[in-house]
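To start, the structure under review is shown below, and the notes come after it.
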């Protein structure tokens with residue numbers, strides 16, 4: 001049957017100058033596998049024209065039934081039960097590591113040796129020593145690398161950085177950050193992998209605190225000294241298989257003090273024992289000329305106060321809805337006031353990473369590289385050291 005009058009059929013042929021494909025190999029199919037896959041689907045038609053088109057080549061996981069279902073659900077061409085076999089697939093250009101923390105180092109190092117560009121979930125590693133091995137591997141291989149500190153790509157956070165870079169806040173005096181959740185307060189909550197040091201490396205510190213540490217570095221600069229306290233409130237929990245109780249050997253909560261190289265002072269708190277707090281990630285920055293406040297649960301908003309605003313009788317915080325076309329990334333989304341959500345930060349960060357690959361530009365400073373992941377791990381290790389010794393610890397990075 002002939003096509004109707006006025007209808008033009010798309011041939012599907014790739015036009016000259018069309019965006020290149022980047023083959024994706026994903027490790028992990030749970031929370032982050034879902035979030036990353038969702039971003040791959042959205043990116044080509046929302047970040048338009050796309051710098052690259054993700055091709056979902058394969059996904060890997062140990063549970064064959066679960067990984068097969070994930071491949072079907074998310075639209076991957078196939079699946080593996082062994083990530084080593086997946087990394088031997090020449091169609092894969094980018095290795096996306098969304099596995100548990102103990103599955104970050106070895107797969108990423110092997111991927112680097114195979115010449116794959118690497119995107120890895122946070123924290124980069126369970127320790128600074130492990131993170132340094134990963135950093136050395138990507139540097140030696142010369143592959144692009146990025147750590148999934150996705151809050152760097154929330155438009156309001158980018159706007160905050162741009163305000164600070166412009167000098168409008170003047171000298172920075174304070175950084176104040178919290179990341180509060182409640183999901184393990186029940187003593188009968190099972191001892192999942194995040195509560196085991198050999199798998200996770202740390203508890204609230206690496207899971208939540210590392211995000212706040214990253215934003216502190218991203219917005220303020222390098223810490224010079226830190227002091228920390230950690231606490232485990234529930235030291236035994238039921239094992240998932242019902243065989244009894246297991247020891248919890250990671251922190252449930254952490255509090256830290258920081259002194260930055262530029263003289264600013266900082267405080268950070270992270271806990272999974274804050275009743276009523278679902279995903280409360282808030283920061284406040286006090287500067288010479290003003291203050292910026294951000295809350296992830298209201299991620300389209302930025303509260304800004306200018307110290308010398310006139311008239312002083314009406315001086316106060318401005319609640320800025322960061323949804324105008326001139327705000328970061330908004331030209332790709334909706335008319336102003338039509339808000340976006342948590343999931344869209346992943347679209348922005350993969351767009352950024354793919355641009356670095358295709359156009360051979362730096363991932364830094366707006367994207368977090370493995371160098372940032374390593375330095376984050378150094379700071380987190382210093383917090384643990386300080387908590388154990390009761391002393392202030394100087395931050396020292398290897399060259």
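Using the count of nearby Cβ atoms within 10 Å as a rough guide to exposure, how do 144, 72 rank from fewest to most? Walk me through the numbers on the way to the answer.
Numbers: 144 24, 72 11.
Listing 144, 72 from fewest to most nearby Cβ atoms yields 72, 144.
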Report task. Would you order 207, 308, 251 from fewest to most other beta-carbon atoms within 10 Å of each residue's own beta-carbon? Result -> 308, 207, 251
Report task. Using a Gaussian network model of the chain whose springs link C-alpha atoms within less than 10 Å, name the residue from 241, 93, 362 with the highest mean-square fluctuation. Result -> 241
Query raised in the report: In vacuo Debye scattering of the chain, one point per C-alpha: log10 I(q)/I(0) at q = 0.11 Å⁻¹?
Result: -0.85
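What is the fewest-to-most order of 5, 347 by other Cβ atoms lying within 10 Å of their Cβ?
Final ranking by Cβ density, sparse to dense: 5, 347.
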Report summary line: Note to self, the chain gives a 222 nm [θ] from helices alone (DSSP H runs n ≥ 4, -39500 (n - 2.57) apiece, / all residues, nearest 500) of -9000 deg cm²/dmol
Query raised in the report: Taking springs between alpha-carbon atoms closer than 10 angstrom, which of 314, 271, 235 fluctuates most in the Gaussian network model of the chain?
Result: 314
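Working from the alpha-carbon coordinates of segment 21-151, get Rg over Rh, Rh being the Kirkwood radius. Can you show the working numbers first?
Values: Rg = 13.8 Å, Rh = 14.6 Å.
That ratio equals 0.95.
Can you tell me the mean projection area, over all orientations, of the convex hull of segment 207-273's alpha carbons? Units nm², please.
Values: hull surface 20.5 nm².
With the hull built on Cα positions only, its mean projection is 5.1 nm².
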Report summary line: Per the C-alpha gyration tensor (a ≥ b ≥ c, the square roots of its eigenvalues), segment 293-391 is rounded if a/c is under 1.5, else prolate if a/b beats b/c, else oblate; here it's oblate
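Roughly what % of DSSP beta bridges within the chain run antiparallel, to the nearest 5? Before the final figure, lay out each step's value.
On the way: 41 of 69 bridges.
Taking every DSSP beta bridge with both residues in the chain, the antiparallel ones total about 60 percent.
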Query raised in the report: What is the calculated FRET efficiency for residue 235 to residue 162, with r their C-beta to C-beta distance and R₀ = 35 Å, to the nearest 0.05?
Result: 0.20
**Report entry** Of 287, 246, 177, the one that fluctuates the most in a GNM where the chain has Cα springs shorter than 10 Å
**Finding:** 246
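Read the figures in this text as sums done on the coordinates, not as results from a lab. On a predicted model such as this, the values are computed, not experimentally measured, just so you know. Don't worry about glycine lacking a Cβ; one is built from the backbone with ideal geometry, like all the others, and counts go over all protein chains shown.
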